[in-house]
Amino acid sequence: MPADTGRVTGGAWWVAALTGGTAVPAGWVTTRGNVRAARTQAEATALGGS
C-alpha cells in the first residue's frame, strides 16, 4: 500500500504542475482579452459622445 500512496502523491504533483503551467497562459490570454474589450468600449464611447 505505501507504494500506491507514493504514486498518488507523484500523480498529484503532475496534476498540480500541469494546472499551474496552464493557468499562466490562460491568465495572459484573459488579460489581453480584457484590455482589448476595454479599448473597444472606450473607442465606442468616444465616438458616441462626439
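Numbers at a glance
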quantity	calculated
In Å, descending, principal axis extents of the Cα set of the range 8-50	62, 10, 5
Phi-based couplings in Hz for the range 26-35 (Karplus 6.51, -1.76, 1.60; Gly and Pro marked x)	5, x, 5, 5, 4, 4, 4, x, 5, 5
Inter-label distance, nm, simple model (7 Å from Cα along the C-beta direction), Gln41/Trp13	4.3 nm
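Since every read-out is calculated from the coordinates, none of them should be taken as a lab result. Since this is a predicted model, take the numbers as computed values, not measurements. Cβ sites come from the backbone with ideal geometry, for glycine too, and all protein chains shown count toward neighbours.
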